[in-house]
Amino acid sequence: MVVRRGSIVQAAWSSCLEVTEIICTATGGGRDFYGVAVEIREPLVWDWLDGRQFLWVFEDDNCVKVWQESVERPRPSHAAWMSRLQCIVGCCETDDGTTLYAVKWDGYACPTWEAEEDLSNQGQLLADHDQTCKCKPGRESRRRESEWEGRDRRQMRETMGLVDSIQIRCLRLIDAWVLSPLLLQSRECGVKSTVVESSSNGAGVADLDLT
């Protein structure tokens, strides 16, 4: 069975996973592994996972299977495994915008999908892959665009903060303008008041002295 788009994948959690995209390939342990995106073709009530998933599959006689081993898979969070990271052979992007990298490990036959944030201490390795990546063209450009978008959002927040400050000052001036006639009328009630003329718009702001 050759892995191709439309191939059905055998998995313990679903009976009808279909390959929708072959992202990259790698060889290890005498097998060819395919990093693929799969979707449930006809979801059933017992298919506990839905949506698009990213797996590593291989050809096994007359079927395509998900790679599974009895040994523990590598974890970037474990320092012992990080020293055994060989290279990055591919990358993809999930529906929610998370970047996944196909990481090849020393001592583990099949690559694994790892989130970009879990490889944050491998910046040079990620940059080297992004420059030559053929999985998703423009990865480096999208990363720069993401940085620009973050900068623009920060600038927008700063601008909105300034606008809010100006609005508060305007409201205070309006309050003073509305209250000024009332304070002037207080003279008739025997309350001493002093009106200070504003140099900007001539509006009077009253200062009461109740002593």
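The values are calculated or read from the model by the stated rules, or taken from the named source; none is laboratory data. Values in this document were obtained by computation on a predicted structure and should not be read as measured data. Positions of Cβ are generated from backbone atoms using ideal geometry, with glycine treated the same way; all protein chains shown enter the neighbour counts.
Summary table
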read-out	value
Close pairs (6 angstrom Cβ cut-off, 6 or more residues apart or separate chains): touching a residue at least 12 places away in the same chain (Cβ under 8 Å) in the range 1-30, in a loop (DSSP other than H, G, I, E, B) and of a type in the set (D, E, K, R) anywhere	Ser14/Asp47; Cys16/Arg41; Cys16/Glu42; Glu18/Arg41; Val19/Arg5
Test: Asp130 is at pLDDT 90 or above and in a helix (DSSP H, G or I)	no
Residue within the range 5-20 that is in the same structural domain as Glu116 (by TED's automatic domain parsing), surrounded by 11 or more Cβ atoms within 10 Å (Cβ to Cβ), among the aliphatic types (A, V, I, L, M) and under 29 Å from Asn121 (Cα atoms) present	no
Any hit, the range 58-73, residues being modelled with pLDDT under 90 and farther than 25 Å from Arg31 by Cβ	no
Matching residues in the range 73-122 - criterion: being surrounded by fewer than 18 Cβ atoms within 10 Å (Cβ to Cβ), of a type outside the set (Val, Ile, Thr), within 14 Å of the chain's Cα centre (by Cα) and under 16 Å from Phe54 (Cα atoms)	Glu93, Asp95, Asp96, Gly97, Ala115, Glu116
Residue count for the range 84-136, restricted to those that are under 23 Å from Ala37 (Cα atoms), out of contact with any Asp or Glu (no Cβ under 8 Å at 6 or more places or on another chain) and without any contact (Cβ under 8 Å) to a residue 24 or more places away in the chain	7
Entirely in the range 14-116, the strands (runs of 3 or more DSSP E) that have 3 or more residues that are in contact with a helix residue (DSSP H, G or I) (Cβ under 8 Å, 6 or more places away or on another chain)	85-93, 99-105
